[in-house]
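Single-structure report; data block below.
Nothing in this text is a laboratory measurement; each read-out follows from the coordinates by a stated rule. Everything quoted here is computed from the prediction, not taken from an experiment. All Cβ positions, glycine included, derive from the backbone under ideal geometry; neighbour counts span all protein chains shown.
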Amino acid sequence: MSTPLSQSIDGIALQGAGFDIVGKPILSNLTLTLTEQRIGIIGRNGSGKSSFLRLVAGLVAPSHGTVLVDGLKPATDRKAMLSRIGILFQNPDHQIIFPTVTEELAFGLRQKGMDKAEAAQAVVALLAQHGRSHWAAQAVTALSQGQRHFLCLLAVLAMEPGTILLDEPFAGLDLPTQNRLTRALAALPQRLILITHDPKAIAGYDRVIWLEDGRVRADGAAGPIIADFTAEMARLGEADADTDLTF
Amino acid sequence: MEKNVTYIALFAALIAVLGLVPQISLASGVPITAQSLGVMLCGTVLGAKRGFLAALLFVGLVALGLPLLSGGRGGLGVFASPTVGFVIGFPIAAFVAGFIVEKTRAAIGVAAFGGALIGGVLVLYLFGITGMALILGKSWVAASLLVTAYIPGDLIKAGMAGFITQGLAKLRPDAVLSRP
Amino acid sequence: MLTLTSPFETPLHRVAAGRKLLGLAVLSIGLFALQDPWTFFLVGGLVATVYLACGLGFARFGAAMLRPLWPFLVILGLWHGWTGAWAVGLMIGGKMLVAVALANLVTMTTRLEDMIDVVERAASPLARFGLQPKMLAVAIALVIRFTPVLMDKAGQLGQAWRARSARRVNWRIVLPISLMALDDAERVAEAIRARGGI
């Protein structure tokens, strides 16, 4: 899948990056260069996956080391990140800010500097491109859960980012909606970095990174790592009853 | 900063929800509107400035025509009705409540109770009774007689505000902005 | 989110919001200063006529919006009936009704977006005090967006309560509802920052 995206040439580079919360290390010593088109980040809950997403997106600054997106620091250069990184969080209700579809889609465009009229036109074009022109005046509350997920994706696509980070996008979706979302994602020309605890979601990906306790446990081709991960998860599930308190 | 805007907006929504949700009966069976409890919490949880802005945003949206007052009331007519004093008093009540929580060094629960009492009851009723007196053309004392029945309930609400603020401070210490 | 704007279209809907608000302010002050009962009846009659001219459905909606005032009318009636000052009581009650009816007329014939535009224009001089117009627009949008969301969550919390208690939902539920407001505020702030911040 070759695409003429000039932004994705540099990619995402982490050098000795770490992230602590109140002194406690959540991510440690990550040195990675992410340039592939489809990258999966897999790990258990609590492995640091979500913090990894926030680090790369620039929502938090690294406590140690550096994080660069196309040579820029995402935590400080927020305006530049608008066209480089898009984020799809798990729950649409935590991302949709405006009460109607058009306002929600226009928001990001106005953030990029478009005026009201330009943004309105771009929204009409975007909805038409995805066969959803009739959504324009719709209230968000009238959309189903799957439709709201799609609205969030549309809002991200409206910004035309080079890379899209997805945080467990399939959590809680019914199977038809999961299939629809998978198809929609597969068709995207952008680089996708998908963070998940479910190996099925990243089966055909170019590269998979397995995070454990904030460190890279494995990094490489999808097939073998997913097989190891699945085996390890099965082993853990059978081994104990998870009664230890970690705090 | 974004957090300011979202905290203010979400708490304005909270005031609306506490006025619109019918099932909250506050004191063993007596259905009292929890809306002024929301106003108290704006102050005790968000502090004086943000609490003021949250309540002001709420009042502004009522003026713009949203039926957010308990009973589904709203619109500009509210500001010509006898309850106008209470509505206008919301932001100031929140401010006073927040101010007291911020400036006292008592434990959060006690401070919140005190703030809710002085801001959410005393100051709010001052505004409310004045408004009522003006619209109904009665003396201040006469107007105050009309609202005495509600005062015990609101005193209890101040106590609830204390408990709830204390609970929130334990669960989300970073989010209780009145005591950063 | 439903607003109080009447879905029945009237000629007043087409008048600019700013002009209606200005007219309301002027009329309200005039009404307040009015002392002569006959002029007052004329004004009241005019207002009622405007309502009816806008359509029967509209007028019925307008009357419904006056309903919360009836306890006060009763109080005024009892008070002035007791003291015998009927004329004064009628004037006070009448002025109150007409003032509220006038104000509601503006609310019912003005769309929310138009009201927001007026507010944003009026608030633009406050930009130097740190109130960016974008912040105001987002704040208003967030309240409209999240009031139904919080209500849904409050409803779910109520159901969770009733699933485990024979007793009625009481005030303690305000704690988790407030918690949801706090948590949503955090997450939405992050979502806004993820999209460029304000």
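Could you estimate the translational diffusion coefficient of region C:132-194 from the Stokes-Einstein equation, with Rh from the Kirkwood formula over C-alpha pairs, at 37 °C and 0.692 mPa s, in whole µm²/s?
Approximately 248 µm²/s, per Stokes-Einstein.
What residue among A:Val22, A:Val56, A:Val140 has the largest mean-square fluctuation in a Gaussian network model of chain A, using Cα springs under 10 Å?
With Cα springs under 10 Å in chain A, the top fluctuation among A:Val22, A:Val56, A:Val140 is at A:Val22.
Would you please name the trypsin sites (Lys or Arg not before Pro) within region B:78-180 that are DSSP coil residues with at most 13 other C-beta atoms within 10 Å of their C-beta?
Those satisfying the criteria are B:Arg105.
Counting only other chains, and only Cβ atoms inside 10 Å, what mean value do you get across the residues of C:95-103?
Mean shielding by partner chains, rounded to a whole number: 5.
I need the P(r) histogram for chain C: all alpha carbon pairs, bin width 10 Å from 0 out to the longest distance, whole percents.
Binned Cα distances yield the sequence 7, 22, 24, 23, 18, 5, 0.
Applying the Karplus parametrisation 6.51 cos²θ - 1.76 cosθ + 1.60 with θ = phi - 60° to the phi angles of region C:128-139, what ³J(HN,Hα) value in whole Hz is obtained for each residue in order, glycine and proline being reported as x?
For region C:128-139, the Karplus curve yields 6, 8, x, 8, 5, x, 4, 4, 5, 4, 5, 4 Hz.
Could you state the principal axis extents of the C-alpha atoms in the protein assembly as shown, from the largest down, to the nearest angstrom?
Ordered largest first, the protein assembly as shown gives principal extents of 94, 53, 47 Å.
Counting residues in region B:2-171 as N, plug N into 2.2 N^0.38 Å and put the Cα Rg over that result.
Normalised by 2.2 N^0.38 Å, the Cα Rg of region B:2-171 equals 0.97.
Testing the spin-label approximation: label points 7 Å from Cα along Cα→Cβ at A:Leu173 and C:Arg19. State their distance in nm.
The answer from the label model is 5.0 nm.
Net charge within 12 Å of A:Ile21 by Cβ-Cβ distance, Lys/Arg positive one each and Asp/Glu negative one each, not counting A:Ile21 itself?
Local charge sum for A:Ile21: 0.
Just to verify a number: FRET efficiency for C:Glu9 and C:Lys134, C-beta to C-beta distance, R0 = 25 Å, to 0.05?
0.20
Evaluate E = 1/(1 + (r/R0)^6) for A:Gln138 and A:Asp115, where r is the Cβ-Cβ distance and R0 equals 25 Å; express this FRET efficiency to the nearest 0.05.
After rounding, the FRET efficiency stands at 0.60.
Once you keep just the Cα pairs under 8 angstrom separated by 6 or more residues, what percentage relative contact order results for chain A?
For chain A, the relative contact order is 26 percent.
How much mean residue ellipticity at 222 nm does chain B get from its helices, if each DSSP H run of length 4 or more adds -39500 (n - 2.57) and you divide by all residues, to the nearest 500 deg cm²/dmol?
Mean residue ellipticity at 222 nm (helix-derived): -21500 deg cm²/dmol.
Apply the a/c threshold of 1.5 to the C-alpha gyration tensor of region C:21-102 and tell me whether it is rounded, prolate or oblate.
oblate
Count neighbours as other Cβ atoms within 10 Å of each site's Cβ, and list the trypsin sites (Lys or Arg not before Pro) in region C:157-190 that are DSSP loop with at most 13 such neighbours.
Sparse-neighbourhood loop trypsin sites (Lys or Arg not before Pro): C:Arg167.
Enumerate the lysines that C:Lys134 could reach by cross-link, defined here as Cα to Cα under 26 Å, with residues fewer than 8 away along the same chain left out.
In chain and number order, the partners are A:Lys73, A:Lys79, A:Lys112, A:Lys116, B:Lys3, B:Lys49, C:Lys20.
Quickly estimate the mean residue ellipticity at 222 nm for chain A, helices only: each DSSP H run with n ≥ 4 gives -39500 (n - 2.57), and the total goes over all residues, rounded to 500.
Value at 222 nm, helices only: -10000 deg cm²/dmol.
Check A:Gly86: other-chain or 5+ apart residues with amide H under 5 Å from its amide H, H built from backbone geometry?
HN-HN under 5 Å from A:Gly86: A:Thr163, A:Ile164, A:Leu165.
Under the Karplus relation 6.51 cos²θ - 1.76 cosθ + 1.60, θ = phi - 60°, what is the ordered set of whole-Hz ³J(HN,Hα) values for region C:93-105, x standing for Gly and Pro?
x, x, 4, 4, 4, 5, 4, 5, 4, 4, 4, 5, 4
Got a sec? How would A:Tyr205, B:Tyr150, B:Tyr7 order by Cβ neighbour count within 10 Å, fewest to most?
If I rank by nearby Cβ atoms, fewest first, I get B:Tyr150, A:Tyr205, B:Tyr7.
Post the alpha-carbon centroid distance, region A:151-181 to region A:203-247, in whole angstrom.
23 Å
Using only helices, what value at 222 nm comes out for chain C when you add -39,500 (n - 2.57) per DSSP H run of length 4 or more and divide by the total residues, to the nearest 500 deg cm²/dmol?
Per the formula, -25000 deg cm²/dmol.
Can you list residues from other chains, or at least 5 along the same chain, whose modelled amide H is less than 5 Å from the amide H of A:Glu212?
For A:Glu212, the qualifying residues are A:Arg217.
List the residues whose amide H sits under 5 Å from the amide H of A:Ile26, counting only those 5 or more places along or on another chain, with H placed 1.01 Å from N in the peptide plane.
A:Phe19, A:Asp20, A:Ile21
Could you check which residue among B:Val87, B:Val39, B:Val17 shows the biggest mean-square fluctuation in a GNM of chain B with a 10 Å Cα cutoff?
Comparing B:Val87, B:Val39, B:Val17 in a Gaussian network model of chain B, the most mobile one is B:Val17.
Give the lysines whose C-alpha is closer than 26 Å to that of A:Lys200, dropping any in the same chain fewer than 8 places away, or say none.
Qualifying lysines at Cα under 26 Å: A:Lys49.
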